[in-house]
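The values are calculated or read from the model by the stated rules, or taken from the named source; none is laboratory data. Please read these numbers as outputs of a predicted model, since none were measured by experiment. Here the Cβ positions follow ideal geometry from the backbone for every residue, glycine too, while neighbour counts run over all protein chains shown. Heavy atoms of the whole protein, side chains included, go into the accessibility calculation; ligands, DNA and RNA do not. Shrake-Rupley method; radii C 1.70, N 1.55, O 1.52, S 1.80 Å.
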Amino acid sequence: MSSAVLDYIEVGPFAKAEGVVALPGSKSISNRVLLLSALASGTTRLKGLLDADDTRVMRAALKTLGVVIDETDGDCVVHGCSGKLPKDQADLFMGNAGTAIRPLTAALAILGGDYRLHGVPRMHERPIGDLVDGLRMVGAEVAYEQNEGYPPLKLSKGQIRTNEVIKVRGDVSSQFLTALLMSLPLVASNEICIEVVGELISKPYIDITLKLMNRFGVVVRNDNWQRFYIPANSGNPYRSPETLYVEGDASSASYFLAAGAIAGGPVRVTGVGKNSIQGDVAFAEALAQMGAKVSSGDDWIEVHGVDTPAGKLKGIELNCLAIPDAAMTLAVAALFAEGSTKLTGIASWKVKETDRIAAMAKELQKMGATVEAGDDYIQVAPPKQWATPTDGIDTYDDHRMAMCFSLAAFGPLKVRINDPACVAKTFPEYFQAFAEVAKK
């Protein structure tokens, strides 16, 4: 079931899911630690780093900026630059990697230099204005090359000042706050306060950022998720932890765990467990609410069976602010539930790789589901009669659309998924891994 060069792939129908899947490294952790390792003093050996499109984009950008990165015995070794990247001029192609362009924009704007950051057409439709506003508040020079509020961006050297409270909106993307948190310690001659305007979405992703910064020697004080205080320092505060293990990707785990819930299991994922720093491990709790049996250890999570009288998953209503990526998997799992499933707190879906609310609604309806959707929610009722769309399931160049809809193959009909190679963004071998647990 290779997805390398295919226009589409046909999967299913499958009757059972069972097996063990070793997860690839977390994208969110991988791109954060790549940048922190580059900024730190000392050399950092990263074990289990994700090797996929988004992390290749970050590694290529750092190398263009003069950072020395070696591949040694399967590990990634980053030679830190002690808070000052070697090249102060560069043209950087960032693909469609939000976890790369946002923190790198902040770091380069704070450090100063002549840089241009751009990406694929969809990247130029993904908002970055709130981050730019925050950077301009501290004196960074950031200009829009085309449309106001969106990449491409041009950066030049500004006069950085940090004696006032820096405000950033929290209700569009947590990556804006992450970018400021990671970059501002580089110029924190005094304590810096960042204030979140509005509700902060995706708090677990900010928690990942804070915990990783801590591993590199910077402890940020979190005042109830509304104010964050970066400590003063007299030089580069980041220090290499020497060796860092990257957890398996909890968002990627969701597809296999859902398969276990839908199709009997047991399905176990390894590389992430109950002590994970990733918020998406809470996806397993959502499956438990739907009736699945869930267990976990330090380095694994397992799902099997459905513990309900009808032997089927049950529809739930859930606020998904804390698990925005994994919530997509619940929308497809809803095809197999009794009653409707309503997911709220998903406004951030609209500014991801595609407008995921619109895309998910359209493709679920193709399967025969009844779907209602708005700016911040989607409600899915299972098909009364399953349908097979003749033109297949469109994936909108969005890796998560392709992986989510593989689960529809546990229904009564085979499913055609268009452009399966889009999974290369975070999980190049997804369909091979899926084939190992999905049974005819």
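Values as computed for the structure displayed
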quantity: Options Ser348, Tyr396, Trp386, ranked by Cα towards positive dipole end of segment 336-415, top entry (Cβ charges); calculated: Trp386
quantity: Over 24 Å (Cα to Cα) - which of Lys27/Lys312; Lys16/Lys414; Lys27/Lys47; Lys16/Lys384 fall in this group; calculated: Lys27/Lys312
quantity: Separation of alpha-carbon centers, segment 262-327 and segment 49-80, rounded to whole Å; calculated: 32
quantity: Percentage relative contact order, the chain, counting C-alpha pairs under 8 Å, at least six apart; calculated: 20
quantity: Accessible area in square angstrom per residue, segment 1-103, 1.4 angstrom probe; calculated: 38
quantity: Radius 9 Å from Cβ of Lys16, net charge of other residues (Lys, Arg +1; Asp, Glu -1); calculated: +1
quantity: Neighbourhood net charge (10 Å Cβ-Cβ; Lys/Arg +1, Asp/Glu -1) for Met328; calculated: +1
quantity: Percent antiparallel among DSSP beta bridges (both partners in segment 251-338, rounded to 5); calculated: 80
quantity: Segment 312-440, accessible area per residue, ligands and nucleic acids excluded (1.4 Å, Å²); calculated: 34
quantity: Burial ranking of peptide ranges 395-404, 27-36 (average Cβ count within 10 Å, highest at the top); calculated: 27-36, 395-404
quantity: The chain pair-distance distribution - Cα-Cα, 10 Å bins, rounded %; calculated: 5, 22, 32, 24, 13, 4, 0
quantity: Segment 234-277 - Debye-derived log10 I(q)/I(0), Cα point model, q = 0.18 Å⁻¹; calculated: -0.64
quantity: Three-way shape call for segment 362-440 based on the alpha-carbon gyration tensor, with the a/c threshold at 1.5; calculated: oblate
quantity: Amide H contacts of Ile393 (H built 1.01 Å from N, under 5 Å, at least 5 apart or other chain); calculated: Arg416, Ile417, Asn418
quantity: DSSP-assigned coil residues among GluC sites (Glu not before Pro) in segment 163-201, each with at most 14 further Cβ atoms within 10 Å; calculated: Glu164, Glu191, Glu199
quantity: Val68 long-range amide H proximity, modeled H, under 5 Å; calculated: His79
quantity: Anisotropy class of segment 206-341 from Cα gyration tensor, a/c 1.5 cut; calculated: prolate
quantity: For segment 165-239, accessible area per residue (1.4 Å probe, heavy atoms of protein chains only), Å²; calculated: 38
quantity: Global form of segment 304-425, assessed from the alpha-carbon gyration tensor, a/c cut-off 1.5; calculated: oblate
quantity: Total formal charge among the other residues, if their Cβ is under 11 angstrom from that of Val77, Lys/Arg +1 and Asp/Glu -1; calculated: -3
quantity: Apportionment of accessible area to carbon and sulfur, segment 83-148, percent (1.4 Å); calculated: 46
quantity: Stretch gain in nm, segment Lys167-Tyr245, where the contour uses 0.36 nm per residue and the Cα spacing is subtracted; calculated: 24.8 nm
quantity: Sequence-distant residues sharing a close amide H with Asn233 (under 5 Å, placed H); calculated: Ala188, Ser189, Asn190
quantity: Accessible area of segment 345-440 belonging to carbon and sulfur atoms, whole % at 1.4 Å probe; calculated: 50
quantity: Counting DSSP beta bridges with both ends in the chain, the antiparallel % (nearest 5); calculated: 65
quantity: Surface share of carbon and sulfur [accessible, 1.4 angstrom probe, percent] for segment 251-327; calculated: 45
quantity: Lys, Arg +1 and Asp, Glu -1 on Cβ, resulting dipole of the chain about Cα centre, debye, nearest 20; calculated: 280
quantity: HN-Hα J in Hz across segment 114-120 - Karplus 6.51, -1.76, 1.60, θ = phi - 60°, x for Gly and Pro; calculated: 9, 9, 10, 10, 8, x, 6
